[in-house]
1. Quick check on Leu78: is it over 12 Å from the mean Cα position of the chain (by Cα), more than 15 Å from Val10 (Cβ to Cβ) and part of a helix (DSSP H, G or I)?
2. So which residues in the range 46-70 are without any contact (Cβ under 8 Å) to a residue 40 or more places away in the chain, within 20 Å of Ala12 (Cβ to Cβ) and not in a strand (DSSP E or B), if there are any at all?
3. Filter the range 90-105 down to residues that are more than 21 Å from Tyr25 (Cα to Cα) and loosely packed, with under 12 Cβ neighbours inside 10 Å, then give me how many there are.
4. Would it be correct to say that Ile90 is modelled with pLDDT of 85 or more and under 14 Å from His7 (Cβ atoms)?
5. Given the conditions (1) in contact (Cβ under 8 Å) with a residue 24 or more places away in the chain; (2) surrounded by 11 or more Cβ atoms within 10 Å (Cβ to Cβ), which single one is not true for Leu34?
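The values are calculated or read from the model by the stated rules, or taken from the named source; none is laboratory data. Bear in mind that the values here come from a model prediction, so they are computed numbers and not experimental data. Methodologically, a virtual Cβ is constructed for each residue, glycine included, from the backbone with ideal geometry; neighbour enumeration extends over all protein chains shown.
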Amino acid sequence: MNKPLLHEVVVAMLEGQTFGCVNEYDLQDAVAQLMGAAHSVEREARLSSTDRIDFLVKHHEGTVGVEIKVGGSRAEVLRQLARYADYEGISSLILVTNKSRHRAMPKALRGKPLFVVYIGGVS
């Protein structure tokens, strides 16, 4: 049996969770607590002078970028994720969202896997 890849572990950790949050910042806090217990996580990681991703989860097999979204259009989020995919240090991306419209994302951006974790409504 093969060991799961880091992005698979992170997606599995986030899927099925119930987050009782009132805004994006609270959701980031909840995700940070969940992931921080199991992984080396950098919050609000600076990728460039203009880009900062919500989380980088680092492991010897690669670095997963995690972005939290509770708003924004699909096109806006896709543009943002594409910029993050251009960063050579990121091996895959995960979008955590409560917006149904964000579920229809491509499976990859700039040759890097993209996974969407739909958490439903943020209460």
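1. Details: over 12 Å from the mean Cα position of the chain (by Cα): yes; more than 15 Å from Val10 (Cβ to Cβ): yes; part of a helix (DSSP H, G or I): yes.
Considered against the rule, which asks whether it is over 12 Å from the mean Cα position of the chain (by Cα), more than 15 Å from Val10 (Cβ to Cβ) and part of a helix (DSSP H, G or I), Leu78 comes out as yes.
2. His60
3. The qualifying residues number 1.
4. yes
5. (1)
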